[in-house]
Amino acid sequence: MQKLKGKTAVITGGNSGIGFAIAERFIQEGAFVFITGRRQAELDKVAMQLGESIEVVQGDVTDSADLLKLFETVKAQKGKIDILVTSAGYSEHSALDSVTPEHFDKIFDLNARGTLFTVQGALPLMEKGGAIVLIGSIAGSIGVEGYGVYAASKAATRSLSRTWTRELAGKGIRVNTLSPGPVDTPMFDGVSDEFRKAMTDLIPLGRLGKPEEIASAALFLASDESSYIAGAELCIDGGMTQV
């Protein structure tokens, strides 16, 4: 039985990496999925790969006009949102002594501000039984040298999920945070071999995560199987932060 049959999902940053894997899994489970991303060529490629149960909407979640376009499209075609996944995000190395205002603004604008206004924009289309899955990171809970701003932005995401759980519980909308550890995605391709090995050595299971493993966890949090879970953080990290 398909776990998301008849559901409408919106996934930001769904054109690559974790977001793409989640979109693919949701479609397999019966959902109709809207994805958004900044690069039209990548969105078109995803649309061809994933078939008829997907609509792509080009846009940047840091742009209020683009968010309005996204949710107007969803409203016109489906009239509601059952599941929202905020997967759009950005990471960049910068140690404390080299952080610039531009670096800080770029990361917080997408990871924190973009998440907040994406959720705000989706709420008018969400009803009782809705599920919001914020993509965080275990970086928000541990110290990772050179990624302090990124980690702080993900800690902000985790904090928002706690507050929103209180604010939205009366509407029957659940909010949870899904925090991956190091995952083998295009975002991770830019790190050095030394950093990759250092991260892998910290993982008890001895390997990086796979995007499809994160997608399975997202499916759980989005489905009725997690109907009594709210305000939680689910770490998918091979035990990296747990032991």
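The values are calculated or read from the model by the stated rules, or taken from the named source; none is laboratory data. This one's a predicted model, so the numbers in the text were calculated from it and none came from an experiment. With ideal geometry, Cβ positions are generated from the backbone for all residues, glycine too; neighbour counts draw on all protein chains shown. Ligands, DNA and RNA are stripped out before the accessible areas are found, and what is left, the full protein with its side chains, is counted by its heavy atoms. Shrake-Rupley method; radii C 1.70, N 1.55, O 1.52, S 1.80 Å.
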Review point. Can you pull out the residues in the range 110-141 that are over 17 Å from residue 219 (Cα atoms) and aliphatic (A, V, I, L, M)?
Key: 110, 112, 116, 119, 122, 123, 125, 126, 138, 139
Review point. With the range 138-243 as the region, which helices (runs of 4 or more DSSP H) entirely inside it contain at least 3 residues that are at pLDDT below 95?
Key: 193-201
Practice item. Just give me the residues in the range 53-77 being open to solvent by 80 Å² or more (accessible area, probe 1.4 Å) and of a type in the set (Phe, Trp, Tyr), in sequence order. Key: none
Practice item. Restrict the check to the range 85-97 and report whether at least one residue is acidic (Asp, Glu), more than 13 Å from the chain's Cα centre (by Cα) and open to solvent by 30 Å² or more (accessible area, probe 1.4 Å). Key: yes
**Study point:** Yes/no for residue 118 being surrounded by fewer than 21 Cβ atoms within 10 Å (Cβ to Cβ) and either free of Cβ contacts under 8 Å to residues at least 60 places away in the same chain or assigned to a helix (DSSP H, G or I) (or both)
**Key:** no
Exercise for review: Go through the range 152-162 and give me each residue that's farther than 29 Å from residue 3 by Cβ and crowded, with 20+ Cβ neighbours inside 10 Å.
Suggested key: 153
Point to revise | Answer from 165, 177 - the residue that is among the hydroxyl-bearing types (Ser, Thr, Tyr) and open to solvent by 10 Å² or more (accessible area, probe 1.4 Å) | key: 165
**Study point:** Search result, residues across the range 47-74 that are closer than 23 Å to residue 21 by Cβ and either touching a Pro at 6+ places or on another chain (Cβ under 8 Å) or in contact (Cβ under 8 Å) with a residue 60 or more places away in the chain (or both)
**Key:** 70, 74
